[in-house]
Amino acid sequence: MIHGVLPMRRFLLAAATFAVATPLQAATLAEAVKADMPSLMTLYRDLHANPELSMQEVRTPAKLAVEMKKLGFSVTEKVGKTGVVAVMKNGAGPTLMIRADMDGLPVVEQTGLPYASKVRAVARSGVETGVMHACGHDTHMTSFIGTARQLAARKAEWSGTLVMILQPGEETGEGAKAMLDDGLYTRFPKPSQVIAFHDAAAAPAGVVAISPGYALANVDSVDISVKGVGGHGAYPHTTKDPIVLASKIVMALQTLVSRENNPLDPAVVTVGSFQAGAKHNIISDEAKLQLTVRSYKPEVRKALLDGIQRIVRGEAIAAGMPNDRMPVVTIREAEFTPATFNTDALSNRALTLFEERFGKQRAVKAPPVMGGEDFSRYYLADKSVESLIFWVGGTPMAKWQAAGGDASKLPSLHSPYWAPEADTVISTATEAMTALSLDILKKG
Ligand SMILES: [Zn+2]
Ligand SMILES: [Zn+2]
């Protein structure tokens with residue numbers, strides 16, 4: 001969804017010179033993945049050139065469902081509108097769920113790549129837009145297929161049930177909920193572990209990073225309609241100016257984080273949009289604000305949302321706004337994305353495994369970020385499930401070094417210029433995912 005910059009520069013600068021050497025015990029899997037890369041890159045370029053908007057995924061799931069059937073998975077399509085669930089039962093043991101998300105973004109691609117997307121589509125707003133895999137979900141899906149191929153070929157090495165899901169609508173925060181509401185945990189084997197990865201712009205290609213505990217934030221979208229009493233700009237005393245009131249509200253909202261929140265609990269209140277008025281000499285009768293509100297803990301989230309209501313009403317009263325012109329605060333519950341929590345045991349197990357496989361310079365711990373991911377819902381739907389989403393760095397090493405490891409100088413996720421070093425992301429993620437899956441499903 002909305003991924004912040006990973007503040008990983010500190011320790012990743014040290015990683016900027018890591019050797020590509022692979023430890024001996026990992027060689028077989030690494031070589032098998034390498035042998036599959038030409039085929040995977042063909043798939044990647046096709047997915048990249050044909051992105052689809054959230055909850056409008058049609059071609060993508062159909063194409064990938066065919067791949068999964070070929071590998072011997074039992075495949076169910078149209079779960080949660082356009083999601084795919086592929087199940088492979090292979091004896092007794094844990095049930096592992098692997099998730100990849102499928103949607104692109106309403107972004108006009110400007111990477112100049114030979115396989116750049118030229119797709120246009122009509123967004124839900126009714127506006128026609130370019131579409132691009134600007135969040136790298138195409139690398140997720142390609143690696144998902146790569147992982148499925150490795151695990152299908154290695155059935156003798158594991159025991160248990162594999163549930164591999166392709167999720168729609170991550171960018172709009174709808175897809176995970178749609179699949180769970182459509183019986184993901186009741187119609188199909190319920191997982192004991194769920195895992196996923198996301199490509200990262202704020203790390204060099206091939207680095208694998210894990211944030212144990214809270215990894216991504218609660219994301220709330222809030223609309224505020226600040227009413228006024230409009231009139232002539234030359235006679236302000238006959239009006240109630242919503243721009244002045246909304247400005248006071250914007251400033252007062254800053255105190256929620258700076259004065260009311262415990263400084264040790266991360267929180268963000270950003271007013272991302274402020275719209276009002278049409279002409280120099282007219283005092284309008286409404287100002288509209290759009291906020292993004294970020295937190296980790298449920299109690300912090302509640303305090304921020306309650307505080308917004310209180311401050312907005314209080315400022316309106318202070319401005320002498322009549323009762324029938326009080327501001328209206330709308331919390332967009334349907335767009336809420338809950339905080340993502342990586343459970344401790346699984347996080348530590350994966351970090352140890354990745355350190356052994358890739359070396360300590362390529363496998364690192366990362367601090368959490370205030371971006372959001374609806375992957376969180378698979379854990380929140382049943383907290384007995386172990387859950388982990390990890391990062392796989394995508395920025396080409398040469399660009400990383402040229403920028404001195406300062407990710408803010410480089411294209412971020414959602415940028416029309418985001419062009420990850422896809423082959424490194426895909427091969428690293430496929431190897432990491434397969435190794436972690438084999439570890440979770442290893443024969444007792
Ligand atoms: Zn995104
Ligand atoms: Zn994403």
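Note on Lys409: lysines with a C-alpha under 19 Å away, same-chain residues under 8 apart excluded, are Lys399.
In a fully extended conformation the segment linking Asp324 and Met41 would gain 95.9 nm over its present Cα-Cα distance, using 0.36 nm per residue. Here region 246-297 is treated with +1 on each Lys and Arg Cβ and -1 on each Asp and Glu Cβ, and its dipole about the Cα centre works out to around 80 debye.
How much of the DSSP bridge set in the chain is antiparallel, in percent, rounded to the nearest 5? Beta bridges within the chain, antiparallel portion: roughly 70 percent.
Sorted on the mean count of surrounding Cβ atoms within 10 Å across their residues, most packed first, peptides 225-235, 186-196 read 186-196, 225-235.
So what's the projected area for region 305-444, the Cα convex hull averaged over all directions, in nm²? Please report the intermediate quantities before stating the final value.
Values: hull surface 54.8 nm².
So the Cα hull casts an average projection of 13.7 nm².
When the P(r) of the chain is calculated, the portion above 39 Å amounts to 25% of the C-alpha pairs. Applying 1/(1 + (r/R0)^6) with r as the Cβ-Cβ distance of Gln290 and Ala398 and R0 = 60 angstrom yields a FRET efficiency of 0.95.
Below 23 Å, Cα to Cα, which lysines can Lys78 reach? Residues fewer than 8 away in the same chain don't count. Qualifying lysines at Cα under 23 Å: Lys63, Lys69, Lys70, Lys89, Lys177, Lys190. For the chain, the longest principal axis of the Cα atoms and the long axis of helix 344-358 meet at an angle of about 50 degrees.
What is the Rg over Rh value, at two decimals, for region 218-335, using alpha-carbon atoms and the Kirkwood definition of Rh? Using only Cα positions, Rg/Rh for region 218-335 is 1.02.
What percent do you get for the relative contact order of the chain when only Cα pairs under 8 Å and 6+ apart count? Before the final figure, lay out each step's value.
Numbers: 978 pairs, mean separation 113.0, N = 444.
Relative contact order for the chain comes out at 25 percent.
Run the numbers for Glu333 and Glu356: contour at 0.36 nm per residue of separation, minus the present Cα-Cα distance, in nm.
Working: separation 23, 0.36 × 23 = 8.28 nm, distance 4.23 nm.
Length gained, Glu333 through Glu356: 4.0 nm.
Taking every protein chain into account, the accessible area of region 218-335 amounts to 54 square angstrom per residue (probe 1.4 Å).
Compared with the dominant Cα axis of the chain, that is its longest principal axis, helix 242-255 is turned about 50°.
Taking K and R as +1 and D and E as -1, what net charge do the other residues with C-beta under 14 Å from the C-beta of Gln56 add up to?
Details: positive: Arg59, Lys78, Lys81, Arg120, Arg124; negative: Glu52, Glu57, Asp101, Asp103, Glu128, Glu170, Glu171, Glu174.
Result for the neighbourhood of Gln56: -3.
What region 70-188 shows is 36 Å² of accessible area per residue, with the surface traced by a 1.4 Å probe over protein heavy atoms. The mean of 1/r over all pairs of different alpha-carbon atoms in region 374-444, once inverted, gives a Kirkwood hydrodynamic radius of 14.9 Å. Compute the long axis of helix 27-49 from its Cα atoms, compare it with the longest principal axis of the Cα atoms of the chain, and write down the angle in degrees, 0 to 90, nearest 10. Relative to the chain, helix 27-49 is tipped by roughly 40 degrees. Per Stokes-Einstein, at 20 °C and 1.002 mPa s, what whole-number D in µm² s⁻¹ belongs to region 181-227, with the Kirkwood radius over Cα pairs as the hydrodynamic radius? Stokes-Einstein gives a translational diffusion coefficient of 138 µm²/s. Protein heavy-atom surface of the chain, 1.4 angstrom probe: 56% of the accessible area is carbon and sulfur, with nucleic acids and ligands not counted.
The values are calculated or read from the model by the stated rules, or taken from the named source; none is laboratory data. Nothing here was measured: the structure is a model prediction, and the numbers come from that model. No Cβ is skipped: glycine too gets one built from the backbone with ideal geometry, and neighbour counts run over all protein chains shown. Keep in mind that these areas ignore ligands, DNA and RNA; they rest on the heavy atoms of the full protein, side chains included. Shrake-Rupley method; radii C 1.70, N 1.55, O 1.52, S 1.80 Å.
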